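Below is one structure; the comments refer to it alone.
The values are calculated or read from the model by the stated rules, or taken from the named source; none is laboratory data. From a predicted model like this one, the values you see are computed outputs, not experimental measurements. Here the Cβ positions follow ideal geometry from the backbone for every residue, glycine too, while neighbour counts run over all protein chains shown. Protein only, heavy atoms only, side chains kept; ligands, DNA and RNA dropped before computing areas. Shrake-Rupley method; radii C 1.70, N 1.55, O 1.52, S 1.80 Å.
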Amino acid sequence: QVQLVESGGGLVQAGASLRLSCAASGRTITNFYMAWFRQAPGKEREFVAAATKFGDTYYADSVKGRFTISRDNAKNTLGLQMNSLNSEDTAVYYCAASGTSGILSRPTAYDSWGKGTQVTVSS
């Protein structure tokens, strides 16, 4: 497993941008599948974006074209650039890592999780 710490959350107005970061420690993320999930109050944790160890990226339809996931293996970090935010993006955002491949959009595919960072978008 790898230890993950998210940062960069906050309160922004609709239409604004925000960048989240996830710092990994304990192991290098080079060989890990990395992802962002989010969970709004009263809802299940949902997939946002994933970046494989091969450089491929995947996005939920709800964020495609607005969010960009990126990984910096040299710095052992994962990023999420979020543009054109709206109130439906309000949630706690979690960074996740998996050493093995699986269905990357499912939380059960990941065995390492951060504690999350709150993103609140006011309309």
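Computed values, structure above
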read-out	value
Calculated from backbone phi, Karplus (6.51, -1.76, 1.60) coupling profile of the stretch 50-59 in Hz, x at Gly/Pro	9, 10, 7, 6, 8, x, 6, 10, 9, 9
Three principal axis lengths of the chain [C-alpha, angstrom, descending]	39, 26, 25
FRET efficiency estimate (nearest 0.05) - Cβ-Cβ, Arg106 to Thr28, R0 30 angstrom	0.80
About the Cα centre, charge dipole magnitude for the chain (Lys/Arg +1, Asp/Glu -1 at Cβ), debye	200
Which of Val2, Val92 is most accessible, then next, and so on - probe 1.4 Å	Val92, Val2
For Ser25, solvent-accessible area (1.4 Å; no DNA, RNA or ligand), Å²	60
The chain - percent of accessible surface contributed by carbon and sulfur, probe 1.4 Å	47
Relative contact order (%) - criterion: Cα under 8 Å, at least six apart; region: the chain	37
Accessible solvent surface per residue of the stretch 7-123, calculated while the other protein chains remain in place, 1.4 angstrom probe, Å²	51
Surrounding net charge for Ala91, when Lys and Arg each add one and Asp and Glu each subtract one, Cβ distance under 13 Å	-2
Karplus 3J(HN,Hα) series, Hz, for the stretch 62-72 with 6.51 cos²θ - 1.76 cosθ + 1.60 (x for Gly, Pro)	5, 10, 4, x, 10, 9, 9, 8, 8, 10, 10
Per-residue ³J(HN,Hα) for the stretch 75-85, Karplus 6.51 cos²θ - 1.76 cosθ + 1.60, θ = phi - 60°, Hz, x for Gly and Pro	9, 6, 10, 10, x, 9, 8, 10, 10, 6, 5
Selection from Gly8, Thr52, Asn73, by position along the positive dipole direction of the chain (Cβ)	Asn73
Sequence of Lys53, Lys115 when ordered by accessible area, the most exposed leading, probe 1.4 angstrom	Lys115, Lys53
